[in-house]
Amino acid sequence: MNPPVRRLEEWDTARLAELAATHGTPLYVQDLERVRENYARMAEAFPEGRVMYAAKANTAAAVLRTLVEVGAGIECASAGEVERALAAGAPPERVQYTAVNPPEGDLDYAVETADEHPELTITAGAADTIDRLAERGFSGRLCLRVNPGVGAGHHEKVSTGANAKFGVPIERAPDLLVEADERGFDVVGIHAHAGSGISGEDLAAHRELVSRMGELARRTDLDLEFVDVGGGFGVPYREGEEPLDLQAVARATREALGEVEATLAVEPGRYLVADAGVLLTRINTVKSAGEELVVGVDAGMTTLARPAIYGAHHAIRSLAEGEGRDTVEATVTGPICESGDVFGEYELPVPVRDDLLAVGNAGAYGYEMASQYNSRPRPATVVVEGERSAVDRRRETVADVRRLDGGAPWL
Ligand code: LLP
């Protein structure tokens, strides 16, 4: 069975407790079977389309390898992601590097890689980037990122479609495409991304973006191989929230695109990996502060940054559930010296030190956004598949955190 969403309560408590005991906490657990299921639904919804996994959501090697194995392409946001995608065995014809204000080193790497693997596609979002590619002697597969003038997403910080930072204004696109073609580039596609975490009322904006991309594809005389309408497929972070009706979204996308010769490409990140991951964290402190009950855990904004950055909600479940304890309202907080280091208020079985908590939908933009702030080592990632489990990224130590420390030699 392949349900549209895996809720936090569906994870096997005993298995999670065992993983935490073996590998310590905080610990990311990523289920590769669920990644496969999520991909299968996406591929089924877009049977003639191309599914390009947006690697930025989770670059664990086993996740990349799993998605490559089932046929996904990989959309990369940096040289590092391209390197990881290729190392995971992605065939270069399925790798796309989306250059956003690309630093020199990234462009150098992308052009060198394209020399060796001419099947690689580079997406440029500014005329300036096209010039820089030409300066490096690149004349390979080029995709033009367009700013369609409509954006959407779960938070203003992740709405890109109408943000001038991204892509060339759609009115400029037809001329730029012709110019690039005349300069000898192999112009293969056009690209736009509305934003991240699209659901409900955002879908109309997404359809508008797709329809503008369809128009652009029909307007150009170039023989485009694909029209890439980006990612952004939302997942339900709240327990009662309904999942996207992916079939309906796919139908609406095809309708909005209209007749085009080119293949439709989508770039889901979150949708493929979010509910395949949980974050395990252990309670280390329980304290009453006036009316409030504060619970301190060993994961914080350096482990999972989304609540602190976007005010994002992640479901939390205590693995002590089922022990018959009463429940109470508690504020779950991390170990970082910032008041923003809070997961939120949760109804939990009366918390006791050493209880394990599982944080849901942690598979997307979790480990990827982890930092070493407060000199805190980043957590480990364990991947599971059926009965098997393996460490994909080992836990950092303070020695890892200090590895690059130098110091002024005169001190
Ligand atoms: N394609 C492009 C060009 C993108 O920039 C992104 C995400 C995606 C695809 C995939 O979007 P998704 O399907 O995962 O929504 N850190 C934020 C999300 C930032 C997304 C940036 N771009 C968060 O935790 O919500």
Q: Among the residues of the stretch 308-342, write down those that are surrounded by 20 or more Cβ atoms within 10 Å (Cβ to Cβ), β-branched (Val, Ile, Thr) and within 22 Å of the chain's Cα centre (by Cα).
A: Ile316
Q: Could you check how many residues of the stretch 1-36 are open to solvent by 40 Å² or more (accessible area, probe 1.4 Å) and in contact with a Pro (Cβ under 8 Å, 6 or more places away or on another chain)?
A: 1
Q) Is there a residue being β-branched (Val, Ile, Thr), open to solvent by less than 10 Å² (accessible area, probe 1.4 Å) and more than 16 Å from the ligand (Cβ to nearest atom) anywhere in the stretch 289-307? A) yes
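With Val150, Val187, Val210, Val168 as the choices, which residue is within 16 Å of the ligand (Cβ to nearest atom), out of contact with any Phe, Trp or Tyr (no Cβ under 7 Å at 6 or more places or on another chain), under 17 Å from Ala262 (Cα atoms) and β-branched (Val, Ile, Thr)? Before the answer, list the steps.
Details: Val150 fails: under 17 Å from Ala262 (Cα atoms); Val187 fails: within 16 Å of the ligand (Cβ to nearest atom); Val168 fails: under 17 Å from Ala262 (Cα atoms).
None of the other options fit; the residue is Val210.
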Q: Could you list, in sequence order, all residues of the stretch 175-200 that are in a loop (DSSP other than H, G, I, E, B) and either basic (Lys, Arg) or more than 30 Å from His313 (Cα to Cα) (or both)?
A: Arg183, Gly184, Phe185
(Q) Restricting to the stretch 258-274, count the residues that are over 13 Å from Val235 (Cβ atoms), in contact with a Leu (Cβ under 9 Å, 6 or more places away or on another chain) and open to solvent by less than 10 Å² (accessible area, probe 1.4 Å). (A) 0
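Take the conditions within 12 Å of the ligand (Cβ to nearest atom) and either within 30 Å of Cys143 (Cβ to Cβ) or in a loop (DSSP other than H, G, I, E, B) (or both) and apply them to Val273. Does it pass? Quick ask: steps written out before the conclusion?
Details: within 12 Å of the ligand (Cβ to nearest atom): yes; either within 30 Å of Cys143 (Cβ to Cβ) or in a loop (DSSP other than H, G, I, E, B) (or both): yes.
So Val273 passes the test.
Would you say Ala54 is buried (at least 17 other Cβ atoms within 10 Å of the Cβ), touching a residue at least 12 places away in the same chain (Cβ under 8 Å) and closer than 20 Å to Gly366 by Cα? Write out each step before concluding.
Numbers: buried (at least 17 other Cβ atoms within 10 Å of the Cβ): yes; touching a residue at least 12 places away in the same chain (Cβ under 8 Å): yes; closer than 20 Å to Gly366 by Cα: yes.
The answer is yes for Ala54.
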Q.
With the requirement that a residue be open to solvent by 30 Å² or more (accessible area, probe 1.4 Å) and in contact with a strand residue (DSSP E or B) (Cβ under 7 Å, 6 or more places away or on another chain), what does the stretch 70-105 give you?
A. Ala77, Leu86, Arg94
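Hey, can you tell me all the residues within the stretch 185-230 that are charged (D, E, K, R) and open to solvent by 50 Å² or more (accessible area, probe 1.4 Å)? Even if it seems obvious, please write down each step before you answer.
Just the residues of the stretch 185-230 that are charged (D, E, K, R), to begin with: 186, 201-202, 207-208, 212, 215, 218-219, 221, 223, 225, 228.
Matches in the stretch 185-230: Asp186, Glu201, Arg207, Glu208, Arg212, Glu215, Arg218, Arg219, Asp221, Asp223, Glu225.
Confirm whether Arg172 is open to solvent by 10 Å² or more (accessible area, probe 1.4 Å), assigned to a helix (DSSP H, G or I) and not aliphatic (A, V, I, L, M).
Details: open to solvent by 10 Å² or more (accessible area, probe 1.4 Å): yes; assigned to a helix (DSSP H, G or I): yes; not aliphatic (A, V, I, L, M): yes.
Taking the combined requirement at face value, the residue satisfies it.
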(Q) Condition first: basic (Lys, Arg), away from the ligand (no atom under 16 Å from the Cβ) and more than 29 Å from Glu156 (Cα to Cα). Can you find one or more residues in the stretch 372-380 that meet it? (A) no
Q: Give the stretch 213-271 a look and list any residue that's touching a helix residue (DSSP H, G or I) at 6+ places or on another chain (Cβ under 8 Å), under 28 Å from Glu9 (Cα atoms) and basic (Lys, Arg), or say none.
A: Arg270
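Which one of Gly153, Gly125 is touching a residue at least 24 places away in the same chain (Cβ under 8 Å) and closer than 30 Å to Glu241 by Cα?
Values: Gly125 fails: closer than 30 Å to Glu241 by Cα.
Going through Gly153, Gly125 in turn, the sole match is Gly153.
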Q: Give the residues of the stretch 46-69 that are out of contact with any strand residue (DSSP E or B) (no Cβ under 9 Å at 6 or more places or on another chain) and aliphatic (A, V, I, L, M), sorted by residue number.
A: Ala57
Q | Meets criteria (under 23 Å from the mean Cα position of the chain (by Cα) and of a type in the set (D, E, K, R)) for Arg183 | A | no
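If you scan the stretch 348-397, which residues turn out to be farther than 21 Å from Arg34 by Cα and open to solvent by less than 20 Å² (accessible area, probe 1.4 Å)?
Filtering the stretch 348-397 down to residues farther than 21 Å from Arg34 by Cα leaves 348-356, 369-379, 394-397.
Answer for the stretch 348-397, where residues must be farther than 21 Å from Arg34 by Cα and open to solvent by less than 20 Å² (accessible area, probe 1.4 Å): Leu348, Pro349, Pro351, Asp355, Leu356, Ala370, Pro379.
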Q. If we scan the stretch 243-253, do we find a residue that is under 21 Å from Val150 (Cα atoms) and in contact with an Asp or Glu (Cβ under 6 Å, 6 or more places away or on another chain)?
A. no
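The values are calculated or read from the model by the stated rules, or taken from the named source; none is laboratory data. Since we're looking at a predicted model, the values are computed, not measured. Methodologically, a virtual Cβ is constructed for each residue, glycine included, from the backbone with ideal geometry; neighbour enumeration extends over all protein chains shown. All accessible areas refer to the heavy atoms of the entire protein, side chains included, with ligands and DNA or RNA removed. Shrake-Rupley method; radii C 1.70, N 1.55, O 1.52, S 1.80 Å.
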